[in-house]
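Scroll down for the structure; my scribbles are underneath it.
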Amino acid sequence: MIPAYPDTRPHALSVSELNRQARRLLETSFMQVWVEGEISGLSRPSSGHWYFSLKDQKCQIRCAMFRGANQHIRALPREGDQIRIRGKVTLYENRGDFQIIVEHMEPAGLGALQQAFEALKAKLQAEGLFEPTRKKPLPHTPRHIGVITSPTGAAIHDILTVLARRCPAIPVTLYPTAVQGKAATTEIVNAIERAQRHNVADILIIGRGGGSLEDLWCFNEEAVARAIAGCPIPTVSAVGHEVDVTIADFVADLRAPTPSAAAEKISPDQQDWLRRLSEQQVRLGHSAQRLFKRLEKHLQHLSARLRDPRRELQDKAQRMDELDMRLSKAMQQKLERQSLATDHLAQRLGTQSPQKLITSTHEQVIRLNERMQGAIQRNLRLQQHKLLLQAQTLNVVSPLATLGRGYAIVKNDSGSIVRNASQLSTGDTIRTQFGQGYISANVTEVEPQ
């Protein structure tokens, strides 16, 4: 029997174990990387995933971008495009392929989102939407604050916390909306329109907490920018952190670095109000005391000057008697002057009476009327004579006069005048007009010549 010897060979890993360990090592060593290169071998199967290689002049690496990540890409990549990707380095265990799982893709150089941002910014700036002159003034003390943001985000919590501390008496209405993703743009525009229809808020805070450029992109959309610019309610843009800048910041009436800062800027400080009220109370008390002292001195002065009212009444009665006598005398003098003036005017009127002028004018009117009547009669006789002559002349050329001298007019069945016998045929009916009366006859013989 052959004795069994222990196996002293080193333990061998299976291919699966080796690939798994290599994958773990790659994923822990490279948390996230940015890589730039040229697309090669691009494949877009029906699953919606993208597979391609990223290469430079010397090397290449396999890449996979799954549907959940590539649906945010605005421009489809093409073979040969120079791009920048962000993703995780890993190993596809089934084939042992070293690859990158792509989470974000943009054109090399300036990113696609940044290009879109700069293009829209230049367009709206050219239209004047950023001009300070079109900015609406914010109310000094808002009566009602509207907030357009996510109901579950940190922004609404920060805003309400600041308002509760500074001025809890101001009512707040939340117009909930998504602030990230494809539907966010439409929802934000609809929320702005709802706030306008609601018509209770006299200032609007529009924003959200911080995030990446992709997360904040709905606030860089043209539809949101135009909705903010066209909103009649003063608006405050409070998007992201202080370093984040969006198109909404440029078109809004005020830009706040954070949602908390927006609440700070638009709300009055109740502690400041209380301090100022206390100061005003103290000043009012001092002013009231000074006023009371001045009034007391004035009252004392008036009391010293106060006379006996009976003596005052006597003086007033004597003064009234004097004025009454002066008034009576003045009225008598005015009546005498008016009487003299009336007599003088009566004398002048007698010497310049219009009766003579009226009589002379009346006689002249009578003479002119008689002359006018004579002229009318003469003109009438002249016109009658002219009419008679024209009637005689007309009668000379009248066909009726011709008929009176023995002539007649023959007409056929259609009423046309017959000027030649050839116009008639045997059996035709004719109508003959004489100077007085008509006859109808039938043609029994036609002799043209």
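Some values worked out for this structure:
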read-out: Charge-dipole axis of the stretch 207-320 as Lys and Arg at +1 and Asp and Glu at -1 on Cβ define it, positive-most pick from A229, H286, G207; value: H286
read-out: Top of V189, V15, V172 by mean-square fluctuation, Gaussian network on the chain, Cα under 10 Å; value: V15
read-out: Distance cut-off 34 Å, percentage of C-alpha pairs in the chain lying past it; value: 73
read-out: The stretch 25-83: projected area of the alpha-carbon convex hull, averaged over directions, in nm²; value: 4.9
read-out: Coil-residue chymotrypsin sites (Phe, Trp or Tyr not before Pro) of the stretch 372-449, DSSP, other Cβ within 10 Å capped at 14; value: Y407, F434
read-out: Carbon/sulfur fraction of accessible area - the chain, other protein chains in place, 1.4 Å, %; value: 55
read-out: Other-chain or far-sequence residues with amide H under 5 Å of R208's (modelled H); value: A238, V239, G240
read-out: Cβ-based charge dipole, the stretch 31-172, positive-most Cα from T152, M31, M65; value: T152
read-out: Along each principal axis, Cα extent of the stretch 300-373, largest first, Å; value: 98, 26, 14
read-out: Expected 222 nm ellipticity per residue - DSSP helices of 4 or more, -39500 (n - 2.57), all of the chain, to 500; value: -16000 deg cm²/dmol
read-out: Estimated distance in nm for a label pair at R78 and A108, the labels positioned 7 Å out from Cα along Cα-to-Cβ; value: 1.6
read-out: DSSP-defined beta bridges in the chain - what % are antiparallel, rounded to 5; value: 65
read-out: Accessible surface, per residue, of the chain when the full set of protein chains is kept, probe 1.4 Å, Å²; value: 70
read-out: Alpha carbon centroid spacing (whole Å) that separates the stretch 190-247 from the stretch 320-337; value: 84
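The values are calculated or read from the model by the stated rules, or taken from the named source; none is laboratory data. Please read all numbers here as calculations on a predicted model, not as lab measurements. Virtual Cβ from ideal backbone geometry, glycine too; neighbours counted across all protein chains shown. Just so you know, the surface numbers come from the protein's heavy atoms only, side chains and all, with ligands and any DNA or RNA stripped out. Shrake-Rupley method; radii C 1.70, N 1.55, O 1.52, S 1.80 Å.
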